[in-house]
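The values are calculated or read from the model by the stated rules, or taken from the named source; none is laboratory data. In this text, all values refer to a predicted model and were calculated from it rather than measured experimentally. In this analysis, Cβ positions are derived from the backbone assuming ideal geometry, glycine residues included, and neighbour counts consider all displayed protein chains. Ligands, DNA and RNA are excluded from the accessible area calculation, which covers all protein heavy atoms including side chains. Shrake-Rupley method; radii C 1.70, N 1.55, O 1.52, S 1.80 Å.
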Amino acid sequence: MTAPLSLTGVGRDFTPWPDDVAAGYRAAGFWTGATLGSVLARSARLHGGRTAVVDAVRGWTYQQLDHEADCLAAGFEGVGIGRGDRVIVQMPNVGEFVVVCFALFRIGAIPVLTQPAHREHEITHLCAQSDAVAYVIADHYAGFDYRAMAERIAAACPSLRTTIVHGDPGPYIALADLYLEPVERPEPAPGDIALLQLSGGSTAVPKLIPRTHDDYAYNARASLSACPLGPDDVYLAALRVAHNFTLCAPGILGALTVGATVVLSPSPSADNAFPLIERHRVTVAAVVPPVALRWLDVAATTRHDLSSLRVLQVGGARFKPSAARRVGATLGCTLQQVFGMAEGLICYTRLDDSDELIVETQGRPMSPGDEVRIVDDDDRPVPDGTPGHLLTRGPYTIRGYYRADEHNLRAFTAAGFYRTGDIVRRLPSGHLVVVDRAKDIVNRGGEKVACEEIEEILMNHPRVHNAAVVGRPDDLLGERICAFVIPHGPLRPRELTEFLRDRGVAAYKIPDRFDFVEEFPLTAVGKVDKKVLRMRAAQEEAR
Ligand code: OOB
């Protein structure tokens, strides 16, 4: 046996569901034993000649996608990528992203799904945490050359053996050269990790989320029950492809499960998305609130025909009722609010819910297997209608982060419930309203930024004595990032921005504003009082 099973199945890397619970999920039909690779193979048999994926350059029929995934799997194996190996995938919205993922799924290798915006700081952490053996990138995207960064990353990450480039490979291996003759191999086990998602979590280093074949395939199917798609549907992937929303809610994987077409937009801007909606007769699209707001504004005067649009999914951050109310009239489609997390649980408003529920709530859990508890600070259930901490477990919600035993003790209850960090209240219908957040993150238009991560880096600056990062309200993004800093001596915001950039921190995490102060307000137990800082940041903003 080449790959030690402990890396992919039951073992030290992730907490599987208890055996009796897993048996229950199988008996209930949630887990079918199908791997993600076999989901595509099935669609290729049923819908072979239909278009599976279209990007700015070309299209793939189901047969082509299935075949290319097999060819690329052979090529990946040829460069030494095997079952259980972790592979960092950092690609923009191109069809090859889908081919790469399915090639890895077929081998049983594990894509670590990063964002194009990530830089050395993030990628080196992710490499170290996952002991990744390979790094798959595009040559360049949005004015940034990933090959130059790959050199520095390879130097910092001893586990990395291979860099593979979509486009001009420079000194690396060209993805295009890895399409070889398909070979037979055993399928991965359905309980193996299929992919690692990134948490939008609150820790200094982002945590990896192990999603298994069984649970992720179910995530897509259960999503299809809330947002039905069929072979005639066209799904627009406007947000970045690797995000759980775009990939699996029902997203790319849901569309490919039923023979629908996925259209990949290079960016979510109306300039990119509207012509694609018109050209491909897109029926369903998924966006974050700031994008929805922009689309609503542009739709009023656009010359593009958006009449094919049936459903606009909005999620990732709270969508204000005032904006939600405009969707139907302005875009002529049904709004679906989506409240989800890469760790698992996804709530949807249903397409036939009342206008009131669609506008005012973030939906209800998609699966009958979802268990939801809303509790007070001492983990005691609160009555319906009272805000409390949202805890959840179920057939597609992880029981633990990847290689994070100590953190898992805090992030999960002893009974295996995931502590989402969200404060919600539940209506009698089961719909949830997200009212607040207990976790220490800023949700910047759907991009999650862990405050502690930025604080730690700032505190490495020789003239920063202490730093506290909070969100401040913003009409467009929902929140922006505000850093309160106690300096040692003279310091300017520019210096800190450059400092973060030099450390290779992704641009979206760089504070929008720095406020220099002499001291921080403290709580009764002597911790930095972020509630007070958030209030100050909001007051500054109002001024
Ligand atoms: C999605 O996933 P993540 O992992 O990037 O972020 C999860 C967190 C949630 O815990 C919550 O704090 C926030 O993002 N969130 C929302 C929300 N949707 C997500 N807060 C308020 N209203 C909403 N509608 O963001 C994600 C994953 C799958 C589907 C959709 C979104």
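What are the pairs with Cβ atoms under 7 angstrom where one residue, in the range 404-425, is within 20 Å of PRO365 (Cα to Cα) and of a type in the set (Asp, Glu) and the other, located anywhere, is within 13 Å of the ligand (Cβ to nearest atom) and open to solvent by 20 Å² or more (accessible area, probe 1.4 Å)? Sequence gap at least six, or different chains.
From residues that are within 20 Å of PRO365 (Cα to Cα) and of a type in the set (Asp, Glu), the pairs are ASP422/VAL434; ASP422/ARG437.
Within the range 206-237, restricting attention to residues that are within 16 Å of the ligand (Cβ to nearest atom), in a loop (DSSP other than H, G, I, E, B) and open to solvent by 10 Å² or more (accessible area, probe 1.4 Å), which residue is modelled with the lowest pLDDT?
Among them, the one singled out is PRO206.
Hey, could you check the range 318-338 for residues that are open to solvent by 20 Å² or more (accessible area, probe 1.4 Å), under 24 Å from ASP436 (Cα atoms) and not basic (Lys, Arg) and say which is nearest to the ligand (Cβ to nearest atom)?
Filtering first and then ranking leaves PRO321.
Is there any pair linking a residue in the range 342-361 that is in the same structural domain as ILE374 (by TED's automatic domain parsing) and touching a residue at least 24 places away in the same chain (Cβ under 8 Å) to one that is open to solvent by 30 Å² or more (accessible area, probe 1.4 Å) and within 14 Å of the ligand (Cβ to nearest atom), with Cβ under 7 Å and at least six apart or on different chains, and which?
Close Cβ pairs (under 7 Å, with a partner that is open to solvent by 30 Å² or more (accessible area, probe 1.4 Å) and within 14 Å of the ligand (Cβ to nearest atom)) do not exist here.
Do you know which residues across the range 406-438 are within 14 Å of the ligand (Cβ to nearest atom), open to solvent by 50 Å² or more (accessible area, probe 1.4 Å) and not in a strand (DSSP E or B)?
ALA438
Taking the options ALA74, ALA22, name whichever one is touching a helix residue (DSSP H, G or I) at 6+ places or on another chain (Cβ under 9 Å), in the same structural domain as GLY394 (by TED's automatic domain parsing) and on the phi < 0 side of the Ramachandran plot.
Among ALA74, ALA22, only ALA22 is touching a helix residue (DSSP H, G or I) at 6+ places or on another chain (Cβ under 9 Å), in the same structural domain as GLY394 (by TED's automatic domain parsing) and on the phi < 0 side of the Ramachandran plot.
Look through ALA34, ALA41 and report the one residue that is under 22 Å from ARG211 (Cα atoms) and either open to solvent by less than 10 Å² (accessible area, probe 1.4 Å) or over 23 Å from the mean Cα position of the chain (by Cα) (or both).
Result: ALA41 is the single residue among ALA34, ALA41 that is under 22 Å from ARG211 (Cα atoms) and either open to solvent by less than 10 Å² (accessible area, probe 1.4 Å) or over 23 Å from the mean Cα position of the chain (by Cα) (or both).
TYR401 versus (1) within 14 Å of the ligand (Cβ to nearest atom); (2) buried (at least 21 other Cβ atoms within 10 Å of the Cβ); (3) closer than 26 Å to PRO321 by Cβ: which is the lone unmet condition?
(3)
From the list ARG403, ARG399, ARG326, exactly one residue is charged (D, E, K, R) and not in a loop (DSSP other than H, G, I, E, B). Which is it?
Only one candidate qualifies: ARG326.
With over 23 Å from the mean Cα position of the chain (by Cα), surrounded by fewer than 21 Cβ atoms within 10 Å (Cβ to Cβ), more than 15 Å from the ligand (Cβ to nearest atom) and farther than 29 Å from CYS333 by Cα as the only criterion, which of PRO387, PRO381 stands out?
PRO381
Can you name the condition, by its number, that ALA285 falls short on among (1) touching a Phe, Trp or Tyr at 6+ places or on another chain (Cβ under 8 Å); (2) part of a loop (DSSP other than H, G, I, E, B); (3) within 16 Å of the ligand (Cβ to nearest atom)?
(2)
Restricting the range 274-286 to residues that are farther than 15 Å from ARG310 by Cβ and either in contact with a strand residue (DSSP E or B) (Cβ under 9 Å, 6 or more places away or on another chain) or among the acidic types (Asp, Glu) (or both), which is least open to solvent (accessible area, probe 1.4 Å)?
Within the range 274-286, the match that is least open to solvent (accessible area, probe 1.4 Å) is LEU276.
For the range 439-543, give me every one of the strands (runs of 3 or more DSSP E) that falls completely inside it and has 1 or more residues that are more than 27 Å from ALA142 (Cβ to Cβ).
Those strands (runs of 3 or more DSSP E) span 464-474, 478-487, 513-516.
Got at least one residue in the range 452-470 being within 24 Å of TYR418 (Cβ to Cβ), out of contact with any strand residue (DSSP E or B) (no Cβ under 7 Å at 6 or more places or on another chain) and within 11 Å of the ligand (Cβ to nearest atom)?
Looking for residues that are within 24 Å of TYR418 (Cβ to Cβ), out of contact with any strand residue (DSSP E or B) (no Cβ under 7 Å at 6 or more places or on another chain) and within 11 Å of the ligand (Cβ to nearest atom), one finds none in the range 452-470, hence no.
Restricting the search to the range 347-359, which residues are within 12 Å of the ligand (Cβ to nearest atom) and more than 20 Å from THR283 (Cβ to Cβ)?
CYS347
Could you tell me which numbered condition PRO268 fails, if it satisfies all but one of (1) in a loop (DSSP other than H, G, I, E, B); (2) under 19 Å from HIS243 (Cα atoms); (3) more than 16 Å from the ligand (Cβ to nearest atom); (4) free of Cβ contacts under 8 Å to residues at least 40 places away in the same chain?
Unmet for PRO268, out of (1) in a loop (DSSP other than H, G, I, E, B); (2) under 19 Å from HIS243 (Cα atoms); (3) more than 16 Å from the ligand (Cβ to nearest atom); (4) free of Cβ contacts under 8 Å to residues at least 40 places away in the same chain: (3).
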